[in-house]
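Asker: Quick one: structure below, then a few questions.
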Amino acid sequence: MTPSLSNEQRNAPRFPVQAHIRFRLLKSPTGEPPEPELHNGNNLMSNISRTGFLLSTKNFLEAKAVIEVEFRLQPLTEVLRAEAEVVRANNYNFPDHGRYEYGLRFLSMHPHFRQVLERFLKSLSA
């Protein structure tokens, strides 16, 4: 587990959200094969910034794993897609619920999705 960063140490401010997220493993640091389908489980994004997000899921991920994600931010209707890397793993926050918590950093995002995300975040900070 890596230590949590304070807001002063982050590259970008984070904003609370409640968004369902679908994801699949693209690259594993232990050599697991990529997953063919997106997980439709109860995966929740609880905060987001222009550089990353916090994910709570029942699926185990390892630090440095790369995943493909898709999510919708309310009130937007468009589904955003990106690739992200697990930079922080906290596998102990919800031991009784079988859930894990991960900090992820966006690696790549189509310029259109990036613009949508930037507009969304700007509306939250206004």
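Asker: Kindly indicate the residue of the stretch 21-40 that is in contact (Cβ under 8 Å) with a residue 12 or more places away in the chain, outside any strand (DSSP E or B) and touching a strand residue (DSSP E or B) at 6+ places or on another chain (Cβ under 7 Å) and also surrounded by the most Cβ atoms within 10 Å (Cβ to Cβ) among those meeting that condition.
Answerer: Leu38
Asker: So Glu101 ticks every box in (1) touching a helix residue (DSSP H, G or I) at 6+ places or on another chain (Cβ under 9 Å); (2) charged (D, E, K, R); (3) in a strand (DSSP E or B) but one. Which box is left unticked?
Answerer: (1) is the only condition that Glu101 fails.
Asker: Could you please give the count of residues in the stretch 41-89 that are among the acidic types (Asp, Glu), within 17 Å of Phe113 (Cβ to Cβ) and not in a strand (DSSP E or B)?
Answerer: Final tally of qualifying residues: 1.
Asker: Here is a follow-up. Can you name the residue in the stretch 83-101 that is charged (D, E, K, R) and within 14 Å of Ala63 (Cα to Cα) and, of all such residues, is modelled with the highest pLDDT?
Answerer: Out of the qualifying residues, it is Glu85.
Asker: Let me ask something else. Those residues that are among the acidic types (Asp, Glu) and either in contact (Cβ under 8 Å) with a residue 40 or more places away in the chain or surrounded by fewer than 14 Cβ atoms within 10 Å (Cβ to Cβ) (or both), I need them from the stretch 49-78; list them, please.
Answerer: Glu68, Glu70, Glu78
Asker: Now, a different point. Among the candidates Leu80, Leu54, Leu38, Leu61, single out the residue that is within 15 Å of the chain's Cα centre (by Cα), at pLDDT 95 or above and over 17 Å from Arg14 (Cα atoms).
Answerer: That would be Leu80, the only listed residue that is within 15 Å of the chain's Cα centre (by Cα), at pLDDT 95 or above and over 17 Å from Arg14 (Cα atoms).
Asker: Is there any pair with a first residue in the stretch 79-94 that is closer than 14 Å to Asn43 by Cβ and a second that is at pLDDT 95 or above and not in a strand (DSSP E or B) whose Cβ atoms are under 6 Å apart and which are 6 or more apart or on different chains, and what are they?
Answerer: Val86/Ala65
The values are calculated or read from the model by the stated rules, or taken from the named source; none is laboratory data. Being a predicted model, the structure only gives us computed values, none of them experimental. Neighbour counts are summed over all protein chains in view; Cβ atoms, including those assigned to glycine, are modelled from backbone coordinates with ideal geometry.
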